[in-house]
Amino acid sequence: MTQQNNSRAGIALMIAATVVFALQDGISRHLAGTYNTYMVVMIRYWFFAAFVIALAARAPGGLKAATHTSQLGLQVFRGVLLAAEICVAVFGFTVLGLIDSMAVFICYPLLVAALSGPVLGEKVGWRRWAAIGVGCIGVLIILQPGVGVFNPWAVIPLISALMFAVYGLLTRYVAREDSAATSFFWTGIAGAVAMTVVGMWFWEPMAQGDWLWMALLCVSGVSGHWLLIKCYEMAEASAVQPFAYFHLVWAAILGITVFGEALRPEVVLGAALVVSAGLFTLWRERRQG
């Protein structure tokens, strides 16, 4: 298969992944609106842990190769941080809705760019700093901190984005010594253990119909990760990453059609600034790479 065909296949897989992740967000909002967030995320992680164990067992070297790391503390911290970020994000869906939450959360690539200097020692030029500034203006337009009574819940997706950005930077840091398979394994295992320790205290009975939604949530989570793995196998990350912003489009469609959310003009304007700044940052990274 040619490089052009690989890129097209990678883009198709990335768009498919964004559809699955948007569905996952919608199901998470539905379940977390009825049941405790910690319990919902815990059950989701049980399925995720089983998936990474099965994946590692089939890979060359098996579980022994997947578990081997000289950075165990960082790998465990990454996994726990991602689990905590998911809890924060899902809680944000329940109090703010999908549209407003995702519109703010998509600023995380800009936070990665801003923090890559102090965390990874990478050079961040004035053009990327300008893009980060534009993205920050977009976030402020969405949050509207100076208009009327500021909703304190509005900072939740911003906290989620910051946590995810730190997780992404740590992933890049550990990749200097560990394989992607090792990082993926510890992400699932550490997160499952952490969520079990917390979530078991919040267990509550679930209606039979909602168990079907829970099963779909688990399957969608695994399917989304599988699509991303195949996506990055087919094409370079810089070629497919811009299409990750389709996640916001699908989340907005779900928010409007299923949950009756409103698409505010300031959210459209702010999100457009954030996405534009993010795409420019990705373009600069690709050119420098």
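The values are calculated or read from the model by the stated rules, or taken from the named source; none is laboratory data. Quick caveat, the model's predicted, so the values are computed rather than measured. For neighbour counting, all protein chains shown are included, and Cβ atoms are generated from backbone atoms with ideal geometry for every residue, glycine included. Calculation scope for accessible area: heavy atoms of the full protein, side chains included, ligands and nucleic acids excluded. Shrake-Rupley method; radii C 1.70, N 1.55, O 1.52, S 1.80 Å.
Which ³J(HN,Hα) values in Hz, rounded to whole numbers, follow from the phi angles of segment 274-279 under the Karplus curve 6.51 cos²θ - 1.76 cosθ + 1.60, where θ = phi - 60° and Gly and Pro get x?
Rounded to whole hertz, the list is 5, 5, 4, 5, x, 5.
Tell me, what ³J(HN,Hα) does each residue in segment 20-27 have, in order and in whole Hz, if you take phi through Karplus 6.51 cos²θ - 1.76 cosθ + 1.60 with θ = phi - 60° and put x for Gly and Pro?
Each residue of segment 20-27 in turn: 5, 5, 5, 4, 4, 5, x, 5 Hz.
Please report, in Å, the Rg and the Dmax of segment 103-245, where both are computed over Cα atoms only.
My reading of the Cα-based Rg and Dmax gives 18.5, 55 Å.
Probe 1.4 Å, all protein chains in place: accessible area of residue 220 in Å², nearest 10?
10
Which of rounded, prolate, oblate describes segment 10-49, given a ≥ b ≥ c as roots of the alpha-carbon gyration tensor eigenvalues and a/c under 1.5 marking rounded, otherwise prolate only if a/b is larger than b/c?
The shape class here is oblate.
By average Cβ neighbour count within 10 Å, what is the ranking of 76-89, 57-70, 244-257 from highest down?
The densest-packed peptide leads the list: 76-89, 244-257, 57-70.
Report which label in [x] 25.7, 85; [y] 18.8, 59; [z] 23.7, 78 holds the value of Rg and Dmax of the Cα atoms in Å derived from the coordinates of this structure.
[y]
Using only DSSP helix segments of four residues or longer, with each worth -39500 (n - 2.57), what per-residue ellipticity at 222 nm results for the chain after dividing by its residue count and rounding to 500?
-26500 deg cm²/dmol
Which of the trypsin sites (Lys or Arg not before Pro) found in segment 150-236 are loop residues per DSSP with 12 or fewer other Cβ atoms within 10 Å of their Cβ?
Those that pass, being in a loop and sparsely packed, are 176.
Give me a comma-separated list of calculated 3J(HN,Hα) values for segment 66-72, in order, Karplus coefficients 6.51, -1.76, 1.60 applied at θ = phi - 60°, integers in Hz, x for any Gly or Pro.
5, 7, 6, 7, 9, 10, 4
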